[in-house]
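Please treat every number below as a calculation from the coordinates, not as lab data. Please read these numbers as outputs of a predicted model, since none were measured by experiment. Here the Cβ is made from the backbone with ideal geometry for all residues, glycine too, and neighbour counts use every protein chain on show.
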Amino acid sequence: MAETINGMKRTCMCAELGEQDVGKSVTLMGWCHKCRDLGGLTFITLRDRTGEIQLVITPDNAEEIRTKAAKVRSEDVLAVNGSVQLRSAPNDKMKTGKIEIAVDELRILSESETPPFYIEEDDNANEQLRLKYRYLDLRRPNMQRNLITRHKIAKSARDYFDEKGFIEIETPMLGKSTPEGARDYLVPSRVKQGSFFALPQSPQIYKQLLMLAGYDRYMQIAKCFRDEDLRADRQPEFTQIDLEMSFVDCDDVMNVTEGFVAKVFKDVLDITIEQPIRRITWQEAMDRYGSDKPDLRFDMELKDITDAVKDIDFVVFKSAIEAGGTVRCVTVPGGSSFSRKEIDALGEVCKTYKAKGMAWIVPSAEPRGSFLKFLKPEDIANIKAAAGANDDDLICIVADKNSVVWAALGALRIAAADKLGLIKKDDFKLCWVTEFPMFEYSEEEGRYMAMHHPFTMPMDEDLDFLESDQGKVRSKAYDIVLNGCELGGGSIRIHDHDLQMRIFKLLGFTEESAEEQFGFLLNAFRFGVPPHGGLAIGLDRMVMLMGGCQSIRDVIAFPKVQNSSDLMTEAPAPVDDKQLEELGIKVAVQESNQE
RNA sequence: GGCGCAGUAGUUCAGUCUGGUUAGAAUGCCGCCCUGUCACGGCGGAGGUCGAGGGUUCGAGCCCCUUCUGCGUCGCCA
């Protein structure tokens, strides 16, 4: 039977105590981390959020306490009163290893069943199990550290933006489903049956309307929802540090963001970020790194070798060039030592991204390669020069349309760097990627889509191409990238009714459909809109990267798994017919498909 | 939807390629002993739907098919 806390009051936390407290009487509460019963002597390691401390029960203690101490098991919740004393045998590995608590009173406030896995620093249990018993997993010190880091970053954000004159304003969770973008999570209306709210993919339109309303510096730590497939760095519900400013252009938003990022790194990791953060255009990012989120912790840049190979009689290259594509390469330093198997593995990486294959060559005195029979000695020299390669390097070549070449080589670059151990975990390399294309062509939709979102302002100098050459139009959008991960992004927004209508039209909206979907916004735009822009930073990703975590799940208290379900609560789950009836909803799928 | 990896005591894993007695180890758990442990120690014990279903075989944890679950990834993510 559990004992009550009645009359006992916690006086301090476990790891707060030190040598200076010797002689003090304290009351501690926490979990039994481990027991060591030596017969006459019993040691209990007590754990709370701050750390651990050793309790000792000796033959001098009353029989009742000794019996009780012998009954204590891992993860029981204990309350103890006792005095701090120096240990006769200190433990250097423990923060509180010089002292211990000589117990005067011991209560077992709650008994624990044997836990399904040990509560310890490293995650030694299978993630499935950890997530089912998330509340136990969260007892682990490194999970607690992650959530505390998260708290610190959020606090740092609120402090920084408050100081800069931003106002935190909440926006609705129940909003209107809008076309474009990710799949919405829908919430049925009971009052208006057959109609649905959508959970926000981001507070985008609301924050723009707040600018229009005159709150010229807004921020919010906002929950966002996107019903898309998950990844190691993507959850269906996630948190953004969202901001918007009036009367600004790109530089203003980027500068205020840089200040924030620098402050967070200083506050949380005591790392000084070099400012200004390097800026590269989207075009340059693609050309040099094959990615719009380049990892700048290592080199191995892509090189365009189209000119060097255009006269080679190799059909793979020829056909790619004739179709308007390019031939590019990544040079893997020292890659001549790679086995055939290792090289093939790099080829497989390329194929994942739709490349038909990967040609390779080691341009040494006795060259090796996958297409040597097509090459004259001067061809090899030309490729070597164009790639900037050395004799013992491996030149990996992909020929295709640019989008495929970039994607394949961008991925190859990372895979090779990872293999060579060039990616340092404790290194933080930030950059801005700017001048994104305004539109990208969707094969699936058969039309141009907004690359950022439909409210993004085109670059002033490209406005004239809007109707004539959409692929050429760049936007006032910018992403902030940390170690090859998109940390955040934003843009300057359109604040002109007519320009917004032009963009909607280009995206395939008719006047009527634009009115129907975004009428409230277009209407608002008739009442004086300040030029504005903003950005959102992925809080989860920021915590993940700064905390050195491999998965975003490790920085979210109760995350979802790959099929968007929660292994602990088993959500989503069927609901009562009565609930559905009230909502006017009939489920069309068979029950077997639901589970 | 595609591709890849994984699933065996409570837990972490070995065993699977090459089918063959009663499926092992470590740790945890239970009992007894133990006065300075901290990965306490000693002795003893319990603990298995080898993810599930089907097939091949005299015989399947192991081979084949289907399926479920988790992870990574492509597509998708304005």
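List of remarks:
- Taking the C-alpha atoms only, the angle from helix A:402-419 to the longest principal axis of chain A is near 40 degrees.
- Annotation: amide H of A:LEU394 within the under-5 Å range of A:VAL332, A:GLY334, A:GLY335, A:SER336, sequence separation 5 or more or interchain, hydrogens built in the peptide plane.
- Applying Stokes-Einstein at 25 °C and 0.890 mPa s to the Kirkwood radius of segment A:324-364, computed over alpha-carbon pairs, gives a translational diffusion coefficient of 217 µm² s⁻¹.
- For chain A, the longest principal axis of the C-alpha atoms and the axis of helix A:511-524 are separated by about 60°.
- Stokes-Einstein D for segment A:135-248, Kirkwood Rh over Cα pairs, 20 °C, 1.002 mPa s (µm²/s): 132
- Evaluated over segment A:1-123, the Cα radius of gyration and Dmax, each in Å: 13.5, 39
- A:GLY369 long-range amide H proximity, modeled H, under 5 Å: A:VAL362
- If you bin all the Cα-Cα distances of segment A:193-256 at 10 Å, starting from zero, the percentages per bin are 18, 39, 30, 12, 1.
- DSSP bridge orientation in chain A - percent antiparallel, rounded to nearest 5: 95
- Here is the tail figure for segment A:519-567: Cα pairs spaced more than 11 Å apart come to 76 percent of all pairs.
- Hull volume in cubic angstrom per residue (convex hull over the Cα atoms of chain A): 233
- Near-label residues of segment A:54-71 by backbone N, under 14 Å of a point 7 Å along Cα→Cβ of A:GLN85: A:54-62
- Against chain A, whose longest principal axis comes from its Cα atoms, helix A:250-264 is set at around 30 degrees.
- The distance from the alpha carbon centre of segment A:518-595 to that of segment A:271-331 is 35 Å, rounded to a whole number.
- Here segment A:150-185 and segment A:46-61 have alpha carbon centers that stand 43 Å from each other.
- Across the alpha-carbon set of segment A:477-591, the Rg to Rh ratio works out to 1.12, Rh being the Kirkwood radius.
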